[in-house]
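Q: A single structure is presented below for examination.
The values are calculated or read from the model by the stated rules, or taken from the named source; none is laboratory data. Because the structure is a prediction, the values reported are computed rather than measured. Counting neighbours? That spans all protein chains shown, and the Cβs are built from the backbone with ideal geometry, glycine included.
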Amino acid sequence: MNQQIIKKAVSEIRKKGAFKADIALVLGSGLGNFVETLNDTRRISFSEIPGFPVSTVEGHSGELVHGYVDEVPVLVNSGRVHFYEGYDLEQVVYPIHILKALGAKTIILTNAAGSIRKDYAPGDLMLITHFLNQTGRSVYRDQKEPENVFDPEILERIKQLAIQSGITLKTGSYAGLNGPSYETPAEIRFLRLKQADAVGMSTIHEGMAAFQLDMKVVGISCLTNYAAGILNQPLNHEEVIETGLRVRTDFARLLHDLVALFSI
């Protein structure tokens, strides 16, 4: 990663204000409403940040936001980019390096995902416990990827937090594919054999990059649809957006609780 470009990007961002926080979040498709729950926000478009890739997908506003959850400062990438938009691996993880350079020590990655399990329904929130990288690419290049980027102790604390808050939070493995097309029923059967619980087109490399940068990594999937072949109906992006809007209250409440947990 080009450190000079990162330094230039940080310098440009800070011309807009004190963009600094220990906790950062990345918001997936249809989940950008979380930023409206923050106090005293400052925003900068991705297009104004040197080297920053710009999202072209509906449901990704494409802004870096600094704001407060109560009195806790946070950095939020409202949107992300994907391989299928024509970006390479370095561009996909570049925003994570910027968040780290702005002071983030913990990152909460969120996404919209398809459920591979019939008992995990659209509208459920799932705490990611393992990654299954099916993209054929890796930030570790020729090195072996870590078995897990998620700290078991942190996962347990989050489970207990959800129980205390009265939020239903499923747990499971997340399989990341390249897209842009949704998976075929045959691919979903294969992923089920590999013990994946949800599938999407993001998050894997961001989490790996954050782990490389010694950040605490948390992943939350909003299950917005059943994966191909689970039900006898076609998949569409509109359903993803609609489900994200439907669960936004519980989603925002969970993220607020997570920020409070990591600010202690």
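Q: For region 68-107, give me the residue count where each residue is in contact with a strand residue (DSSP E or B) (Cβ under 7 Å, 6 or more places away or on another chain) and among the aromatic types (Phe, Trp, Tyr).
A: The number of residues fulfilling the criteria is 1.
Q: Of the conditions (1) outside any strand (DSSP E or B); (2) polar (S, T, N, Q); (3) under 14 Å from ILE13 (Cβ atoms), ASN77 satisfies every one except a single condition; which number is it?
A: (1)
Q: Would you mind finding the one in VAL65, VAL93 that is at pLDDT 95 or above, closer than 27 Å to SER263 by Cα, in a strand (DSSP E or B) and of a type in the set (A, V, I, L, M, F, W, C)?
A: On the way: VAL93 fails: in a strand (DSSP E or B).
None of the other options fit; the residue is VAL65.
Q: Hey, another quick one. In region 1-47, which residue that is more than 22 Å from GLN212 (Cα to Cα) and small (Gly, Ala, Ser) is nearest to the chain's Cα centre (by Cα)?
A: Step one: of region 1-47, the residues more than 22 Å from GLN212 (Cα to Cα) are 11-19, 29-47.
Cutting the leftovers down to small (Gly, Ala, Ser) gives us 11, 17-18, 29-30, 32, 45, 47.
Numbers: SER11: 25, GLY17: 25, ALA18: 23, SER29: 9, GLY30: 12, GLY32: 11, SER45: 18, SER47: 20 Å.
Filtering region 1-47 for residues that are more than 22 Å from GLN212 (Cα to Cα) and small (Gly, Ala, Ser), the one nearest to the chain's Cα centre (by Cα) comes out as SER29.
Q: Restricted to region 96-121, and to residues that are part of a strand (DSSP E or B) and not small (Gly, Ala, Ser), which residue is farthest from VAL35 (Cα to Cα)? Write out each step before concluding.
A: Taking region 96-121 first, the residues part of a strand (DSSP E or B) are 106-115.
This time we only want the ones that are not small (Gly, Ala, Ser), so: 106-111.
Details: THR106: 18, ILE107: 15, ILE108: 14, LEU109: 14, THR110: 13, ASN111: 15 Å.
Here the residue is THR106.
Q: How about region 1-45: which of its residues are assigned to a helix (DSSP H, G or I) and either touching a strand residue (DSSP E or B) at 6+ places or on another chain (Cβ under 7 Å) or under 20 Å from LEU254 (Cβ atoms) (or both)?
A: ILE13, GLY32, ASN33, PHE34, VAL35, GLU36, THR37
Q: Mind checking which residues of region 2-43 are surrounded by fewer than 16 Cβ atoms within 10 Å (Cβ to Cβ) and touching a His at 6+ places or on another chain (Cβ under 6 Å)?
A: Correct list: ARG42 only.
Q: Being within 14 Å of the chain's Cα centre (by Cα) and under 20 Å from PHE83 (Cβ atoms) is the filter here, so list the residues in region 200-216 that pass it.
A: GLY200, MET201, SER202, THR203, ILE204, HIS205, GLU206, GLY207, MET208, ALA209, ALA210, PHE211, listed by residue number.
Q: Return the only residue of TYR84, TYR94 being aromatic (Phe, Trp, Tyr) and closer than 20 Å to GLN3 by Cα. Break it down into steps so the answer makes sense when it comes.
A: Details: TYR84 fails: closer than 20 Å to GLN3 by Cα.
The conditions single out TYR94.
Q: Can you name the residue in region 113-168 that is under 23 Å from MET208 (Cα atoms) and polar (S, T, N, Q) and, of all such residues, is surrounded by the fewest Cβ atoms within 10 Å (Cβ to Cβ)?
A: In this case the residue turns out to be GLN143.
Q: Can I ask one more? Which residue out of GLY123, GLY166, GLY200 is of a type outside the set (S, T, N, Q) and without any contact (Cβ under 8 Å) to a residue 24 or more places away in the chain?
A: Details: GLY123 fails: without any contact (Cβ under 8 Å) to a residue 24 or more places away in the chain; GLY200 fails: without any contact (Cβ under 8 Å) to a residue 24 or more places away in the chain.
The conditions single out GLY166.
Q: Looking at ALA113, ALA101, can you tell me which residue is of a type in the set (Gly, Ala, Ser), modelled with pLDDT of 95 or more and on the phi < 0 side of the Ramachandran plot? Before you say what the answer is, go through the steps one by one.
A: Numbers: ALA113 fails: modelled with pLDDT of 95 or more.
Just a single option satisfies the conditions, and that option is ALA101.
Every residue, every condition in (1) among the polar types (S, T, N, Q); (2) within 30 Å of ALA260 (Cα to Cα); (3) modelled with pLDDT under 95, yes or no:
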{"position": "GLY123", "(1), (2), (3)": "no, yes, yes"}
{"position": "ASP142", "(1), (2), (3)": "no, no, yes"}
{"position": "ILE167", "(1), (2), (3)": "no, yes, yes"}
{"position": "ALA175", "(1), (2), (3)": "no, yes, no"}
{"position": "ALA186", "(1), (2), (3)": "no, no, yes"}
{"position": "LYS194", "(1), (2), (3)": "no, no, no"}
{"position": "ILE204", "(1), (2), (3)": "no, yes, no"}
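Q: Could you count how many residues in region 169-194 are without any contact (Cβ under 8 Å) to a residue 60 or more places away in the chain, surrounded by 17 or more Cβ atoms within 10 Å (Cβ to Cβ) and assigned to a helix (DSSP H, G or I)? Lay out the reasoning, then the answer.
A: Of the residues in region 169-194, the ones without any contact (Cβ under 8 Å) to a residue 60 or more places away in the chain are 170-173, 175-177, 181, 184-187, 189-190, 193.
Going one step further and asking which of them are surrounded by 17 or more Cβ atoms within 10 Å (Cβ to Cβ), we end up with 170, 172-173, 175-177, 187.
From what is left, the residues that are assigned to a helix (DSSP H, G or I) are 187.
Matching residues across region 169-194 total 1.
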